[in-house]
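Participant: Would you mind keeping the following structure in view while I ask a few things?
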Ligand SMILES: Nc1ncnc2c1ncn2[C@@H]1O[C@H](COP(=O)(O)OP(=O)(O)OP(=O)(O)O)[C@@H](O)[C@H]1O
């Protein structure tokens, strides 16, 4: 830093005064600074020498003396050491072991089948080649007997006209030929003798076996190198082993100046901190990038890295290590592209139930290991551009919720394509499809009721004794107690922007949803929102900022990325923009108190979802937990194409008639739907209304000037029952 001369003088004087006051030595800062950059600082002294203190021009050492600079001692370093697993994780994982054993078994089963089918062809070809093989064998033996291998040396001696050498070689050859001829004749006799003995003495099968083996051996000897009889049953992919050279080559090709410069000077530009090892179905390299280079710089250039490694993009996964510095890179290179790699089957697809308070596997990471999610105590957002698997992911989470019979599901498919119907129709307490006014009203009534429920729950929790509810939140045990009504409530809304952007009720939806996101988790209410347009309007900041779980499939830009995954995620290298178009279901998952992880959601298609939902429904029926929308569906299914008594009553009793006699109602009903209501008496009507919680009472009317009292119903009771059943407040 430069000061104008006079300023500089003043600066130095002030500094000198301040230091003199504090009893410190006067130091020339410029010189002190230059000492820091001096190539070879003088050997550090334990205490400043007296002449240094007196001489203001003497450089001041800024580095600590050697013992202090050495950092923590041996024990300290041991305490802070990171121990590598004795048994690697992949070896401890039963699922991975099972997968690996399965692959090996399938590989050999395939190879056996392939060759067994072709065995007759192999036999025929070998038999055809046998004469050639026999000729080659005889020729080889004759050449051996004649010592053909020594011939070039003998000829060389002839060319050199070296008589002594030639004589020596000839003598040696004569001896060798004699011996070999003898051995060959003996072998021939033994062979022929053995053949004759076999022919005469051996059983048929042994003879056949021997002839077969000799023929095959001769056939193999008669083969051509460029046309093998047996071909490979499996072309193994050439997943090259990841070596340090390959990693360095790829890092050098990224165009990051610090790495390129280091490599130009003959250094590595990357310091490996652990050996490159197998990690699941791939290789793992770990090390330090040069000073100032961050893992984010590498993630940004993932496509170049893939090019440098000569691997498909879906195989190359650079990651940061959260507990280390920002230049610590873990590079995982899979054997197969993640999107084409076979996913393990979802454990809950065929059987099993869920306790929502415990972690449940819902997807697998790049290494094929299951990643868990605990749906309780979170509010979650799912964001992605269209067609990346957002709805499938939401449906998967709702299926998980459905498999806990205690959970009350509220499902809203605002896109209106029926993707959530498997869950909605079979288990949901409330289910709405489409963005029509009717659905919006239905959803609004439900949201309002949920807000009331939230308030009720907070009161219940507050009233519970500390020993039963120690953390002021719902527990699995509390959820079991039906009398408390604290069972999990899981609300899933696909294309939630339809609600929040609604011209009339948008604000109210936003208010209630924000409340549910903030206070819902502790009271056992889980709100899951999915949107294909993650911006402040479709996902209000009050909601996105408070969501405890975030799932982000492919998005196009930094704003959407940070909107779903949290502020600064993009900067920290958590970038859902790097997913390819084909990476369906692949997403970053933030939650479970862990750093962002790349997860490939389990794939459950519509028929699969139907089957799981049917299982969930059976479990609910057994537990007597089926309610609301799904129950309505059930009774309709059971009674066939039916009538809706309450709706019919509302149809025949106009709003202006607050109270009406039962006989009048039955008369009108019989007119409306004679095939159903003909012959109904007031008693039958009373009995049919009883399950809906509606009782008949005395209704007075003036007939011919006289006041007559008869049994009748109140229209308001019917509208209330319909509202309660359907959540339609405006049913009347
Ligand atoms: N986990 C997955 N694994 C493989 N493929 C998936 C997965 N999830 C979804 N897909 C595929 O992606 C396609 C799109 O999924 P989905 O309908 O959920 O997308 P979306 O993001 O909801 O689209 P939109 O915005 O149009 O509603 C599906 O047809 C499905 O085949």
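Every read-out reported here was derived from the displayed coordinates using simple, explicitly stated rules and does not represent laboratory data. All figures in this text were calculated on a predicted structure; none of them were measured in a lab. No Cβ is skipped: glycine too gets one built from the backbone with ideal geometry, and neighbour counts run over all protein chains shown.
Participant: Using only Cα atoms, tell me the angle between helix 437-463 and the longest principal axis of the chain; keep it within 0 to 90° and round to the nearest 10.
Facilitator: The angle comes out at about 90 degrees.
Participant: Which value at 222 nm does the chain reach when only helices count, each DSSP H run of 4 or more adding -39,500 (n - 2.57), with the total divided by all residues and rounded to the nearest 500 deg cm²/dmol? Numbers along the way, then the final one.
Facilitator: Details: 29 runs with 353 residues, N = 732.
Estimated from H runs of four or more residues: -15000 deg cm²/dmol.
Participant: Compute the Kirkwood hydrodynamic radius of the range 94-221, taking the inverse of the mean of 1/r over all pairs of distinct Cα atoms, and give it in Å to one decimal.
Facilitator: On the way: mean 1/r = 0.0515 Å⁻¹.
It is 19.4 Å.
Participant: Antiparallel as a % of all DSSP beta bridges within the chain, to the nearest 5? Walk me through the numbers before you get to the answer.
Facilitator: On the way: 42 of 66 bridges.
For the chain, the DSSP antiparallel bridge percentage is about 65.
Participant: Could I ask something else about it? Return the FRET efficiency for the residue pair residue 481, residue 265: r is the Cβ-Cβ distance, R0 is 60 Å, and the value is rounded to the nearest 0.05.
Facilitator: Numbers: r = 71 Å, r/R0 = 1.18.
The calculated FRET efficiency here is 0.25.
Participant: Taking every DSSP beta bridge that has both residues in the range 362-622, what percent is antiparallel when rounded to the nearest 5? Present the calculation step by step, with values, prior to reporting the outcome.
Facilitator: Numbers: 12 of 36 bridges.
Antiparallel bridges make up about 35 percent of those DSSP assigns within the range 362-622.
Participant: While we're looking at this one, here's another question. Going by alpha carbons, how many degrees (0 to 90, nearest 10) lie between the helix axis of 506-523 and the longest principal axis of the chain?
Facilitator: Computed tilt is about 70 degrees.
Participant: Between residue 179 and residue 224, 0.36 nm times their residue separation minus their Cα-Cα distance comes to what?
Facilitator: On the way: separation 45, 0.36 × 45 = 16.20 nm, distance 3.21 nm.
In short, 13.0 nm is gained.
Participant: On C-alpha positions alone, give me the angle between the axis of helix 163-201 and the longest principal axis of the chain, in degrees, nearest 10.
Facilitator: With rounding to tens, the tilt is 50 degrees.
Participant: Going by C-beta contacts inside 10 Å, put 413, 226 in order with the fewest on the left.
Facilitator: Details: 413 27, 226 5.
Exposure proxy ranking, most exposed first: 226, 413.
Participant: Cα atoms only, the range 643-726: Rg and Dmax in Å?
Facilitator: Reported Rg and Dmax, both Å: 12.5, 41.
Participant: Please report the spacing between the Cα centers of the range 98-127 and the range 267-330 in Å, no decimals.
Facilitator: 39
Participant: What ranking of 300, 271 emerges when the number of other C-beta atoms within 10 Å of each C-beta is taken as an exposure proxy, fewest first?
Facilitator: Numbers: 300 18, 271 12.
Ordered by Cβ neighbours within 10 Å, fewest first: 271, 300.
Participant: Dividing the alpha-carbon Rg of the chain by 2.2 N^0.38 Å yields what?
Facilitator: Values: Rg = 42.0 Å, N = 732, 2.2 N^0.38 = 27.0 Å.
With N residues counted in the chain, Rg over 2.2 N^0.38 Å equals 1.56.
Participant: Can you give the extra length, in nm with one decimal, that the chain gains between residue 690 and residue 541 once fully stretched, where that is 0.36 nm per residue apart less the Cα-Cα distance? Write out the running numbers ahead of the final one.
Facilitator: On the way: separation 149, 0.36 × 149 = 53.64 nm, distance 4.68 nm.
Stretched out fully, the residue 690 to residue 541 stretch lengthens by 49.0 nm.
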